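Bear in mind that the values in this text are calculations on the coordinates, not laboratory data. Since the model is a prediction, treat every value here as computed from it, not as a measurement. Reconstructed Cβ throughout: ideal geometry from the backbone, glycine too, with neighbour counts over all protein chains shown.
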Amino acid sequence: MAPSKDSSSVLNFALIGCGRISEKHLTALTSGKLPAKLIAVADIDESKAKAKGEKYGVPHYRDYHEMLDAHPEVDVISVLTPSGYHVDHVVDLARYGKNILVEKPMALRVEHCDAMIEACRKNGCRLFVVKQNRFNPAVVAARKALEDSRFGKMVMATVCVRWRRDQAYYDQAAWRGTWALDGGVLSQQATHHLDLMQWFMGPVETVQCQAATRLMNIEAEDTAAAILKFKSGALGIFEATVATRPKDMCGTMSLLGEGGSVVVGGIAVNEIAHWEFEKKRPEDADMRKTHSQQVASVYGNGHEPYIATVIDAIRNNRPGLVEGAEGKKSIEILTALYESAALGGAPVVPGQPITHARIGLRQ
Ligand SMILES: NC(=O)c1ccc[n+]([C@@H]2O[C@H](COP(=O)([O-])OP(=O)(O)OC[C@H]3O[C@@H](n4cnc5c(N)ncnc54)[C@H](O)[C@@H]3O)[C@@H](O)[C@H]2O)c1
């Protein structure tokens, strides 16, 4: 069983995977702002484990079993390994009975999400999925407007992810851009925006998607365009590419309803670019100023507030904002997009078995 904690305890974290995204977790956990303690780190690439262990003054391990056997005091295991391995690692780790936090995308196939959820349920673990953009002040404000019913009947949502990744990014690790372990822009970069779109617009009835590999030398797509029909009857347009040149241009989501319109803009859904409602409120005038945030990269600033809510959910036994079942929702849509693209743009219903898409398939 995952350790239960009282509402004032400091939670002990161990990290698995010391690659690119680990720095966001490590800085958040050691910032002194969270009731968290970093206990140890592991990476099969010992030089990476050593570098992070030394930088943050904690023991490092090559084998995560060895790390967890040596540190029974760990309360939360953060899984920051390549996406296609999340299922193997979470299912394997569940036997330790700890809380598990896994990076996005939760997994690459719906059946993998189910296996992770089931392994955690059986072992009494809580499974949290990183969705840091839900914590951007601009997104929080838009969500509050939705919960206050300010949009009324939703008409349409449009996501536009125009980011730059170059070949060097893909060449730095063998898993990147492969069908087995990563996928393309839809599963790796725009998975955040898929999650946001479904969080705001609700369940999806059908998707139609076209995907292309225009500039990158990778197996999966670098560019995709899709139309979504939500069960509410509203429509969605989803456009994503990592082939934007010469640099990152935008990561935005527009929300149009009968009561008003909001565009969450910037490069990482980090700014209020447009905010206008039929029924005005005094705070509307300053929304751009009060709810926009500077970001250093497209990863944004959301990891620390996200981890804070995980700690709060564990300490106070509250539901987390994104636990396994919620994390699975965007994977159902993601795999339906891949299925549709594999079928040349045919309509696909999320949640139906995927038979043509190769994402997440390994020998
Ligand atoms: N939330 C975000 O904005 C965000 C941003 C980037 C990446 N990610 C996600 O984080 C995950 C990791 O991405 P990354 O860019 O850091 O990749 P990376 O390749 O830089 O790092 C992954 C690390 O995992 C290690 N690893 C692999 N198998 C292992 C094992 N069995 N035990 C221990 N370590 C192991 C690798 O050696 C590597 O160092 C991916 O799922 C990715 O989608 C999330």
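Starting from the Cα-Cα distance between Q294 and I227, subtract it from 0.36 nm times their residue separation and give me the gain in nm to one decimal.
Details: separation 67, 0.36 × 67 = 24.12 nm, distance 3.04 nm.
Extra length available between Q294 and I227 comes to 21.1 nm.
Cα gyration tensor of region 178-263, axes a ≥ b ≥ c as square roots of the eigenvalues: rounded (a/c below 1.5), prolate (a/b > b/c) or oblate? Show your work: numbers first, answer last.
Numbers: a/c = 2.44, a/b = 1.65, b/c = 1.48.
Prolate, since a/c reaches 1.5 and a/b exceeds b/c.
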* Lysine pair count for region 1-75 [Cα-Cα under 26 Å; pairs on different chains or 8 or more apart] -> 17
* Asked: How high is the relative contact order of the chain, in percent, counting Cα pairs under 8 Å that sit 6 or more residues apart?
  -> 19 percent
* Structure fact -> With R₀ set to 45 angstrom, the calculated FRET efficiency between the beta-carbons of K122 and M156, to the nearest 0.05, is 0.65
* How large is the charge dipole for the chain, taken about the Cα centre, if only the Cβ atoms of Lys, Arg (+1) and Asp, Glu (-1) carry charge, to the nearest 20 debye? -> 520 debye
* Structure fact -> Taking the dipole of the chain about the Cα centre (Lys, Arg +1; Asp, Glu -1; charges at Cβ), the one of W179, S254, T355 that reaches farthest to the positive side is S254
* Angle, helix 324-342 long axis vs. longest principal axis of the chain, Cα atoms, 0 to 90°, nearest 10? -> 60 degrees
* To do: At 7 Å along the Cα-to-beta-carbon direction for both T309 and D171, put a label point, then send me their distance in nm to one decimal.
  => 3.9 nm
* If packing is taken as the mean number of other Cβ atoms within 10 Å per residue, what is the order of 243-249, 37-43, highest first? -> 37-43, 243-249
* Quote to one decimal, in nm, the extra length available between K50 and D63 on full extension: 0.36 nm per residue of separation minus the C-alpha distance between them. => 3.5 nm
* Using Cα centres only, tell me the gap between region 49-111 and region 131-191 in whole Å. => 24 Å
* the chain: angle of helix 137-147 to the longest principal axis, Cα-based, in degrees nearest 10 -> 60 degrees
* Total formal charge among the other residues, if their Cβ is under 14 angstrom from that of C250, Lys/Arg +1 and Asp/Glu -1 -> +1
* Size of the dipole of region 1-107 about the Cα centre, Lys and Arg at +1 and Asp and Glu at -1 on the beta carbon, nothing else charged, in debye to 20? -> 400 debye
* **GNM flexibility winner over the chain from A346, A285, A28 (Cα, springs under 10 Å)** => A285
* To do: Kindly express, to the nearest 10 degrees and within the range 0 to 90, the angle between helix 110-122's C-alpha long axis and the longest C-alpha principal axis of the chain.
  => 40 degrees
* What whole-number value in cubic angstrom gives the convex hull volume per residue for the C-alpha atoms of region 119-219? -> 182 Å³
* Report the charge-dipole magnitude of region 216-363 in Debye, nearest 20, computed about the Cα centre from +1 at each Lys and Arg Cβ and -1 at each Asp and Glu Cβ. => 180 debye
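When a footprinting reagent is the concern and you count Cβ atoms within 10 Å, what order do R176, R315 take, fewest first? Could you put the intermediate results ahead of the total?
Working: R176 21, R315 18.
Ranked by crowding around the Cβ, least crowded first: R315, R176.
Among E205, E258, rank each residue by its count of other Cβ atoms within 10 Å, from fewest to most, as a rough exposure measure. Walk me through the numbers on the way to the answer.
Working: E205 15, E258 10.
Ordered from fewest to most neighbouring Cβ atoms within 10 Å, E205, E258 come out as E258, E205.
Among F200, F13, F277, which comes first, then next, by fewest other beta-carbon atoms within 10 Å? List each step's numbers first, then the result.
Working: F200 23, F13 29, F277 17.
In order of increasing Cβ crowding within 10 Å: F277, F200, F13.
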